[in-house]
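First the structure, in the form of structure tokens, and then the observations on it.
No value in this document is a laboratory result; all are computed from the given coordinates. This structure is a prediction, so every number in the text was calculated from the model and none was measured. Neighbour counts run over all protein chains shown; Cβ positions are idealised from the backbone, glycine included.
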Amino acid sequence: MGAKKASAGIHAPGKRLLYGIPLKFVHDRVAGGGRKATDIPIALVPFIDFLITLVVFLLTSFSASGELMAQRDNLRMPTAANVEDLEIAPIVAIDAQVVTLDNRRMADTRTLADNPNLERIEQLVQDLETLKRNWSVLHPREAFTGVVILQADVNVDFRVIKKVMFSAAQAGYTNVSFAVNEGGGASSE
Amino acid sequence: MAGVSVGGGHGGKKSVDHEIPLIPFIDLLLCCVMFLLVTAVWNKLARIDANQQQPGREATIDQEQEDRIRLFLQVKSTGYVISGTDGTNIDIPKNGDEYDMEQLREKLRDRREQEPNRRDLIVAPEDGVIYEHVIAAMDLVVGAGYEDMSLSDGAHL
């Protein structure tokens, strides 16, 4: 009884399509059978050529600058042609509303633009000094470069830029890199 | 799968036919394409460098530099002015509402021909000038060969 039950599970395979059951009409149809064949070969070699071309194009246009800085929705950066690659540095962003340091609010742009006096932005100076101290702790054997990246909207008044630069200089950041979109700029006109 | 047949395989010799596994190769390429498309950055960001000529900057200008003629490009609301401590004063007024970039480029080129070894120039924008025009002027200055460009406050000139 037990042996009979066990053998019920395993048995010789039956006929299979296109082997035991030849389905001749399928063969005829695929081969054409006097009409147009329905067997369409996929052109793999041009497909691979296309993929390789695409990979090469994407690799050549690969840029890591997007990792250092993101383009903001409310901030339109100017375009310039004579530029260099971005480096890692604290980013001061200035849009129409607010001045931020690494996405932390420092001051209001409107307030800075309305005040004609050259005054330092205390919050910005303090935070940059903290960053400078942290940098010195993390890189004890390297000289401090004092680079800060300024990412400002095209319509910002230079007075605001001047105050931010003044505050950065007070904190020891005397080298300013202006973030721009690489493109035609003024030189290629 | 694709195959490469170069004959042989007869007379007890080892066959030299090889199967190239195309499907895994296509899978790999598709993965590469997907990764590169996801990580692609279409707008390339870059920088224009400038030193500061401001009260907050530590004194690094030595006497020799002080004695040297200093060249300024003032960006005013009325146009550009190229001035120098040697008495140079070239006024480039606006062309309507637009800054005359072409004329500025020509004047900078002329100045460059007079002093081919000079690499420093101080850009000094005025309050009220918008940032886009300052960057356009700085771009022209660097393009004209003044790579040691500094930025100063135009109100002090």
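Observations
- Inter-label distance, nm, simple model (7 Å from Cα along the C-beta direction), B:ASP110/B:CYS31: 6.3
- Each part reduced to its alpha carbon centroid, the stretch A:149-169 and the stretch B:104-149 end up 19 Å apart.
- If R0 is 30 Å, the Cβ-Cβ spacing of B:TRP42 and A:LEU44 corresponds to a FRET efficiency of close to 0.50.
- Global geometry of the stretch A:57-189, whether rounded, prolate or oblate, following the gyration tensor of its Cα atoms and the 1.5 cut on a/c: oblate
- Averaged over peptide A:168-177, the number of partner chain Cβ atoms lying within 10 Å of each residue's Cβ comes to 5.
- Exceeding the 26 Å Cα-Cα cut-off - candidates A:LYS162/B:LYS94; A:LYS132/A:LYS162; A:LYS132/B:LYS76; B:LYS44/B:LYS107; A:LYS24/B:LYS14: A:LYS132/B:LYS76; B:LYS44/B:LYS107; A:LYS24/B:LYS14
- R0 of 35 Å, Cβ-Cβ distance B:THR88-A:ASP114: FRET efficiency to nearest 0.05: 0.50
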